[in-house]
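So the structure is just underneath, and the comments pick up after that.
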Amino acid sequence: MSRAPKQENWSVYIHFPWCLKRCAYCDFATAVAAEIPRQQYLDGILRELQMRTVDLEPRPISTVFFGGGTPSLWGAQPIGAVLDWLDRWGGLQQGGEFTIEANPGALEHAPLADYVAVGINRISVGIQALDDRRLQRLDRLHDAATARASLAELQRLLGQGQLQSASADLLFGAPGQGMAELKSDLDGVLAYDLPHLSLYSLTVEEGTPLAKRVVKGLQSPPDDDLQADMLEQVPLWLAERGLHRYEVSNFARDQHQSRHNLCYWHGGHWLAAGVGAHGHLPGLRGDLRYGNHRDHRRWFAAIETGQLPEVFREDIDGPTLLTERILTELRLSEGIDLERLARDVGPVAAGKLRQRGLRLAAHAPLTVTARHLRLMPHAFAQLDHWVRQLAQ
Amino acid sequence: MKANHIRNFSIIAHIDHGKSTLADRILELTGAVEKRDMQEQYLDSMDIERERGITIKSQAVRLHYVAKDGIDYMLHLIDTPGHVDFHYEVSRSLAACEGALLVVDASQGVEAQTLANVYLALDQGLELVPVINKIDLPAARPDEVVREIEEGIGIDASGAVFASGKTGLGIVELLEAVIAHVPPPEGDPEAPLRAMVFDSQYDNYRGVLVQVRIIDGSVKKGDRVYFMESGSEYEVLEVRIRTPKDVIVDQLSFGESGVLVCGIKTVRDVQVGETITGAKRRAEHALKGFKKIQQMVFSGIFPVESHDYEKLRDAIEKLALNDSAFSWEPETSSALGFGFRCGFLGMLHMEVFQERLEREFDVDLITTAPSVVYHVYKNDKTMLEISNPGDLPPTGDIDRIEEPIVRATIHTPTDHIGPIVKLCTDRRGHQKDMRYISQTRVMLEYEIPLAEIVFDFFDKLKTATRGYASLDYEFKMFRADDLVRLDVLLHSDIVDALSVIVHREKSYEKGKALVHRLRKVIPRQQFDVAIQAAVGARIISRETVKAMRKDVTAKCYGGDISRKRKLLERQKEGKKRMKMVGTVDVPQEAFLAVLSSDDDDD
């Protein structure tokens, strides 16, 4: 029996773990290698996709996201080959969103236009900052000039209609960046008029080089109060420029929200392949989630012996699904869609959540309507607190 | 067995001087324990005893040893606790012996605790056999230590046995010395039974196992016996000895030690030091030395989750089955809900008990800072015994408060006298004596309020003397002083479980330190939390835990969802381990903040 996604079309995530250098704050599945096994990795990805799609119903694919790592280091040919494979399997949907992440320093491997040529229509570039000293402190490989060059290239491709959308990532609240420096970074990026921006507060994740530096006292931890101020300020600045917050850290013009990421936040199904990738699929009993090996050697070893390269697979039962939905959908300005929730976890559980929301709303920054439960915009800096309150 | 072929002895040693290892070697040499069955610290059966290297329970082991004179001797090795908390228990175990090995580490020399127990032994008229242990260590200075024993303790140590528990060296010599120097038991085999209880343990199948030394007469299965202190009568169902395996025997005669099983349900019915005599043929006088057990330190024990109250009660009941020195009664705190006020002999006893509760019964606990018992005299001439600062009557009703004072004996190398004198003075101590034991070692005696030493005194002492000083203390008296209750307010509400009784002159400094420490352990919340310390209506210190303004995960994409969900679950678990006090989440460790050392502050 083949399984179909709860939404109409499939979303697909492909992880490419290699980077030229590891950034201080990054805790994603990444690897730094002198020689990147580009072809071997393509073969592996295609094998994993084959294994994973055996019992999935082929349906048109509305979004594909190449994340990393630095997938722009892979080259246009392998990216094109993956897209071709997906097109043959379920069909790439007309007007779909096909994104690749790129780092400014890693563009030289293939000009961005090459990726466009093989079917990519959205590029998200990791700018992080537009100040050489701060970029260095984050262990970024590129400098501000390179970052500007890649922003200019995105602007050009957008202008020529070669890209459907484009985005840049910025970090804020890193030590050494005050409100004025943030404004300057933002203005620098806004000059290129991209329709989508992601702004992340710098977080010290366990096990990262940054965490070690903070523990050793070599670097001060980010100042929470300053970050809170920035979290309040940033949406105001961006709204003036027509970029509206639709998720805690994501801002877009109308029609430019990332459809792929919305699939995660709405609790949709997606197929994932590659080192450290996580997928969320319809299972035989409810949903299931799997996670792949984060170590590329183990991932290769599994693929080569014809096994799924998974480290874990878990059933997502009703209560878990509910918790996850609160965790992800409350991040959206639109809030939790109670109707869809009722469809996924049953009207009783959804009704209880709504009741809890109503009770809390008496003294909490929550809005409860017939269809939605959402956090008021000024309370996004406290999001996790309200998630904990709601996810009993 | 003829009485003059019996030897009863125990081992007196400071912690770490190798008592348990020496006992292991004796068990091996006498064939009591086969080498292959040997595990280290054989006699310390509780995990906690092994881990901490301490003995909590006493027991007598019967051994047989054919001496060089060809005679088969019956030896009773009575293993005793070695910690100051168990002073009285040690005295009773020693009273069951005619002699004791005085084990002194060949490099460490005589220490305060050794000395305290030596005096106990000498009080009981015990013959001491000095053993210089660990002579295999490079730092060993046996001749010097022999001199220290002679000068410091005043006993002849010329015949001291040089031994090593580790290598087994000197064990035969040691046993020969026991036979030569420890006198055989004296007593009247025909007199009415008099047996002294020196400890008891609870056994799930047999009830209480009463550890006794027969002083006069004999006892056998089926005898009816009478407990002279408690006034209860029982039938002896079984007579046992330990070899160290349990063996059933017909009877115990005068001079012997063993275990009586009388179908007693709780150790509380069997007091250490009790005299057992025949129900029909009663002895005229009980044995001397009986004292009712006195708990010195009290602490509130509460379940983190209020619905764990029953579970906690069951756990305490089970542990109390085997611990006659522990007392408990229900207590209610407005901050912590329902729990128990528990009494202990001392800090070690308290820590061991709490650790066993958490480890063996898996209950999450909140324990409040330990307190001593105060005698509070009210204006109406009545006296209250108060161990919970929250129970203190209004100041206007109090005539005076008396606190327990102990006599503390400290042994130290002479170069550390300065810091010790300073520490004791800071803790309101009065020097009573200072004696040079040898040219390099000195003994200091102080009268100090017990409350000043239960917290961190010993740690401070160790730090001040780089670990060289040792401490022993015993209760002396109650004495009035200018004592006040220091309250802590969270978000303007008094948290009863955080109140402490302190000397007025120290209240400002203590309040400030306490508030500062609490600010560090109380996590930021959704709102500003004011932490205040107050004496009566006067606020003496205030700090604020600023509201947490940012509490949001920056990124959450596909691969993160499982992880973030697990993080959320962990956070919820963490929150569970906190106690809601009013509207403030307070972590467990906050309730012990009073205890932490001032040096931890920056």
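In whole Å, how far is the Cα centre of the stretch B:518-591 from that of the stretch A:196-249?
Their Cα centres are 21 Å away from one another.
For chain B, what is the convex hull volume of its Cα atoms per residue in Å³?
In chain B, the Cα hull volume divided by residue count equals 190 Å³.
Once you have the Cα-Cα distance between B:A139 and B:N4, take 0.36 nm times their residue separation minus that, and quote the gain in nm to one decimal.
Length difference between fully extended and current span is 44.6 nm.
Taking a ≥ b ≥ c as the square roots of the eigenvalues of the Cα gyration tensor of the stretch B:430-562, is the shape rounded (a/c under 1.5), prolate (a/b larger than b/c) or oblate?
oblate
With r as the distance between the Cβ atoms of B:T440 and B:V172 and R0 = 30 Å, compute the FRET efficiency 1/(1 + (r/R0)^6) and round to 0.05.
So, using R0 = 30 Å, E works out to roughly 0.35.
Out of the DSSP beta bridges found with both residues in chain A, what percent are antiparallel (nearest 5)?
Of all bridge pairs located within chain A, approximately 40 percent are antiparallel.
Which of the chymotrypsin sites (Phe, Trp or Tyr not before Pro) found in the stretch B:480-563 are loop residues per DSSP with 15 or fewer other Cβ atoms within 10 Å of their Cβ?
Here the sparse-neighbourhood loop sites are B:F527.
For the Cα atoms of chain B, what angle does the longest principal axis make with the long axis of helix B:309-320, in degrees from 0 to 90, nearest 10?
20
Which of A:A145, A:A110, A:A362 moves most in a GNM of chain A, Cα contacts under 10 Å?
Between A:A145, A:A110, A:A362, it is A:A362 that shows the largest mean-square fluctuation.
Kindly state, to the nearest 0.05, the FRET efficiency for A:Q50 paired with A:D295, given R0 = 30 Å and r defined as their beta-carbon distance.
After rounding, the FRET efficiency stands at 0.85.
What is the distance in Å between the Cα centroid of the stretch B:231-252 and that of the stretch B:295-325?
30
Based on other C-beta atoms within 10 Å, arrange B:S438, B:S324 from fewest to most.
B:S438, B:S324
Over chain A, what is the mean sequence separation of C-alpha contacts under 8 Å (at least six apart), divided by residue count, expressed as relative contact order in percent?
15
Run the helix sum for chain B: -39,500 (n - 2.57) per DSSP H stretch of 4+ residues, divided by residue count, reported at 222 nm to the nearest 500 deg cm²/dmol.
-7000 deg cm²/dmol
Could you grab the relative contact order for chain B? Cα pairs under 8 Å, six or more apart, rounded to a whole percent.
Value for chain B: 10 percent.
Quick one: if the Förster radius is 22 Å, what FRET efficiency do B:D493 and B:K576 give, using the C-beta to C-beta distance and rounding to 0.05?
The calculated FRET efficiency here is 0.50.
Measuring from the lowest to the highest alpha carbon on each principal axis, how far does the stretch A:317-392 reach, largest first, in angstroms?
31, 20, 20
Which pairs, out of A:K352/B:K564; B:K291/B:K422; B:K292/B:K422; B:K378/B:K579; B:K68/B:K221, put more than 26 Å between their alpha-carbon atoms?
Flagged as over cut-off: B:K291/B:K422; B:K292/B:K422; B:K378/B:K579; B:K68/B:K221.
For the stretch B:200-234, which chymotrypsin sites (Phe, Trp or Tyr not before Pro) pass both filters: DSSP loop (anything but H, G, I, E, B) and at most 15 other C-beta atoms within 10 Å?
Within the stretch B:200-234, the qualifying chymotrypsin sites (Phe, Trp or Tyr not before Pro) (loop, at most 15 other Cβ atoms within 10 Å) are B:Y205.
Given 0.36 nm per residue, what is the gain on full extension from A:A4 to A:L358 after removing their alpha carbon distance, in nm?
124.0 nm
Please go through the stretch B:167-253 and write out the trypsin sites (Lys or Arg not before Pro) that DSSP classes as loop and that have at most 11 other C-beta atoms within 10 Å.
Here the sparse-neighbourhood loop sites are B:K245.
Give the percent of DSSP beta bridges with both residues in the protein assembly as shown that are antiparallel, rounded to the nearest 5.
Roughly 70 percent of the DSSP beta bridges within the protein assembly as shown come out antiparallel.
How far is helix B:171-181 tilted, in degrees, relative to the longest principal axis of the Cα atoms in chain B, given as a value from 0 to 90 rounded to the nearest 10?
70
Measure nothing fancy, just the Cα-based angle from helix B:417-426's long axis to the longest principal axis of chain B, in degrees from 0 to 90, nearest 10.
Result, in degrees: 50.
For A:D317 and A:L218 in one chain, what is 0.36 nm times their gap in residues minus the Cα-Cα distance, to one decimal in nm?
31.2 nm
If you average the alpha carbon positions of the stretch A:10-89 and of the stretch B:190-229, how far apart do those two centres end up, in angstrom?
One Cα centre to the other: 80 Å.
Only the coordinates and a few stated rules stand behind these numbers; no lab work does. The shown structure was predicted, so the numbers you read here are calculated from the model rather than taken from an experiment. Note that we place each Cβ from the backbone using ideal geometry, even for glycine, and neighbour counts take in every protein chain shown.
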